[in-house]
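A quick write-up on the structure given underneath.
Please treat every number below as a calculation from the coordinates, not as lab data. Please read all numbers here as calculations on a predicted model, not as lab measurements. For neighbour counting, all protein chains shown are included, and Cβ atoms are generated from backbone atoms with ideal geometry for every residue, glycine included.
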Amino acid sequence: MKNPRIIVSLDLGTSKILVVVFVEQESGVFIIAGYGIIHTQCLDHGIMANYQQAVMDIQNCVRQAEEMAGLKIDRVYVGISDETIQAVVKEATRHIEPDWRTGGPGEIRWRDVQMASYEAANVSIPQNHQILQQLPIEYLVDERRKIKQPIGLLASTLGVRLMTISGDSLYINNLIRAVNDAGLKIVELVSEPFASSFAVLDQNAKEVGCAMLDLGHGTTDLIVFYHHAIAFIAVINQGGQDVTQAICEKLHIPLAAAEDLKINYGLAHPTDDIYDKVPLPAVGGRPSSTISRGDLGRIIQPVMKSIFETANEKIHEAQVDKYLHGGIILTGGAAKLRGLIVYAETVFHNQVILAQPSDCLGVENLDSNLAQPECSTALGLGLYAIQRAGEPNRLENHRWLYRLIDYVNTRIWLERVMQFVKRHF
């Protein structure tokens, strides 16, 4: 295939960096041609803790992906997850030019959608924030909702509800610099809650309404969908790292040993083997010992309770709990804790399932190493880019140009002349 589309996603996480290469085939289907994974500690709860190490780790991860895919990587879609991320929704309405022949409702054109979208994009954000994405939630045609594509419809008014997602400028700029210094150009920054949803949520779940929690190592991403549109988005500054830290502090063992205990023996809810003993390492002059899995679970559970209760509070404060007819979907590396689904149901009082990106629509050749909850963001970034067909999502500030087009468009002037003639002759 001549000039196949190549899409590369970069997930810069707290515990790992993952780069995935998607390549278009003759059939139009994308395959995963290669990937790179580097375990890292350059971030702490999503914050850049070691800039130089981050740059080197990105370079090494990209090199792995290049060698597997057999191509050069220079452009990437990058996920971003930070507790400062917030969303604002604004609605704007535009009057549609009447049909000059009948005087009735006119046809909605591309420029109408653009102008209404620009009005809705004119929002106030915190002084230290910058815009990440601006996503249309829904269109309203003569106040009728749930319109997916209004162009071509006859109407008197067109409304657009637009969600503006912003984040801390310093955090965003440091992330951009690190990626650029690694020799890469960023095609688009995408909020990670939105990206992960492409890998684990199907259209049915988005239609009936659900919440997705991506439990990462440093942060937990939260997004709520209803009628295929984003109803709420947030990032919680807690994750699997906090579980590891709690084990480390309670048992006075190294972080690496605490992480091993969490992964191999951790429980979020009591099971039949709570009395089983697991080994604790010798530290300094203290000999090795054991702890029951039940006691280990009693260290883990309060941390998970805090994460889930924070998510529940945010959902209730945003008044989107009424939309969760499809329940709660968990993904991310920390979601693999044994007993977590059962425990989450006791907190949310709703159905909870674990989702992994094993059935990514439109992508073939998914390696078993990638079909894991911790890979949802990187795969979702690629799926988002494929769906967007490489077109930028963010609205650029060319409002003056569209206003000029709006007034000098030949057909508009012709319609106005005809209306004048009709009224006066």
Revision key, fill the gap. The residues Asp295, Asp44, sorted from fewest to most surrounding Cβ atoms within 10 Å, come out as Asp44, Asp295
Review point. Any idea what the dipole of the chain comes to, in debye rounded to 20, about its Cα centre with Lys/Arg Cβ at +1 and Asp/Glu Cβ at -1?
Key: 1180 debye
Practice item. With volume of the Cα convex hull per residue in Å³ in mind, check (1) 165; (2) 203; (3) 322 and report the label derived from this structure. Key: (1)
Study note, to complete from the structure: For the stretch 165-271, shape from the Cα gyration tensor axes a ≥ b ≥ c, cut at a/c of 1.5 then a/b versus b/c, turns out oblate
Practice item. Note the full-extension length gain between Ile47 and Asn264 as 0.36 nm times their separation in residues minus their Cα-Cα distance, in nm to one decimal. Key: 75.4 nm
**Study point:** Packing-based exposure ordering (other Cβ within 10 Å, fewest first) of Trp110, Trp100
**Key:** Trp110, Trp100
Check your understanding: To the nearest 10 degrees, how steeply does helix 293-317 sit against the main Cα axis of the chain, on a 0 to 90 scale?
Key -> 20 degrees
Point to revise | Karplus 3J(HN,Hα) series, Hz, for the stretch 374-388 with 6.51 cos²θ - 1.76 cosθ + 1.60 (x for Gly, Pro) | key: 6, 9, 4, 5, 4, 5, x, 4, x, 5, 4, 5, 4, 5, 6
Revision key, fill the gap. If one compares the long axis through the Cα atoms of helix 169-181 with the longest principal axis of the Cα atoms of the chain, the angle in degrees, nearest 10, works out at 80 degrees
Exercise for review: Mind jotting down the distance between the C-alpha centroids of the stretch 219-239 and the stretch 1-78, whole Å?
Suggested key: 24 Å
Check your understanding: Which value, in debye to the nearest 20, describes the size of the charge dipole of the stretch 202-354 about its Cα centre when Lys and Arg Cβ atoms bear +1, Asp and Glu Cβ atoms bear -1, and nothing else is charged?
Key -> 320 debye
Revision key, fill the gap. Dipole check, the stretch 202-354, charges on Cβ (K,R +1; D,E -1), about Cα centroid: among Ile291, Asn204, Leu337 the Cα furthest to the positive pole belongs to Ile291
Study note, to complete from the structure: With x for Gly and Pro, the residue-by-residue ³J(HN,Hα) of the stretch 91-97, computed from phi through the Karplus equation 6.51 cos²θ - 1.76 cosθ + 1.60 at θ = phi - 60° and given in whole Hz, is 10, 10, 10, 10, 7, 8, 4
Check your understanding: Taking only Cα atoms, what is the 0 to 90° angle, nearest 10, from helix 399-408's long axis to the longest principal axis of the chain?
Key -> 20 degrees
Practice item. Taking amide H positions as placed in the peptide plane 1.01 Å from N, state which residues far from Arg75 in sequence (5 or more) or on other chains have amide H under 5 Å from it. Key: Lys185
Study note, to complete from the structure: So, relative contact order of the stretch 202-354 in percent, Cα under 8 Å, 6 or more apart, is 29 percent
Review point. Of the cross-linked pairs Lys16/Lys336; Lys250/Lys305; Lys146/Lys314, which ones have a Cα-Cα span greater than 20 Å in the structure shown?
Key: Lys146/Lys314
Point to revise | Virtual spin-label span in nm between Thr346 and Tyr275, 7 Å along Cα→Cβ | key: 2.0 nm
Study note, to complete from the structure: Cross-link reach from Lys148 to lysines, straight Cα distance under 23 Å and at least 8 residues apart if same chain, gives Lys90, Lys206, Lys322
**Study point:** Cα-based reach from Lys2 at 27 Å (exclusive), listing lysines while leaving out same-chain residues under 8 positions away
**Key:** Lys72, Lys185
Point to revise | the stretch 202-354: equivalent-ellipsoid semi-axes (sqrt of 5 x gyration tensor eigenvalues, Cα, Å) | key: 33, 15, 11
Study note, to complete from the structure: Residues whose built amide H sits under 5 Å from the amide H of Glu138, excluding neighbours closer than 5 in sequence, are Arg161
**Study point:** Long-range amide H partners of Phe30 with built H, under 5 Å
**Key:** Gln25, Glu364
